[in-house]
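Values quoted throughout were computed directly from the atomic coordinates according to the rules given, and no laboratory measurement underlies them. What you see is a predicted model; the values in this text were computed from it and never measured.
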Amino acid sequence: VKATLHWVSARHAATVRVRLYDRLFTKPNPEDAPAGEDYKANMNPGSLTMIDSCMIEPSAVDARPAARYQFERLGYFCADVKDSLPGKPVFNRIVTLKDTWAKIEKTLKNKPVTEQKR
């Protein structure tokens, strides 16, 4: 067995806060901003999403700080060292399962240089 999958019934699940982090910038080079603007023009407004009603396996409520889990279809998460409290953990996504940024970079590499600057 390579992995164990736990399906959580809504009736028996525990509710926790989850933080979903994404890229901080919308472009690979943050300094590549429109004329007259600085790198802040390329900040990703969706770089942090907080979900306060994430349902998890009840045993994970006792997660010790820095404990790591894979949440099905979302990625790998770590119990926050600073904000987790006994019986009330906060989980931070540390790795996604699907990296769309890599797909974008691959697409850019396959385009002629003239198309990349448009």
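Dividing the convex hull volume of the alpha carbon atoms of the range 19-63 by its residue count gives 88 Å³ per residue. Coupling constants for the range 43-52 follow from the phi torsions by the Karplus curve (6.51 cos²θ - 1.76 cosθ + 1.60, θ = phi - 60°), and in residue order they are 5, 8, x, x, 6, 9, 10, 10, 10, 8 Hz; glycine and proline get x. Annotation: amide H of Ala67 within the under-5 Å range of Ala79, sequence separation 5 or more or interchain, hydrogens built in the peptide plane.
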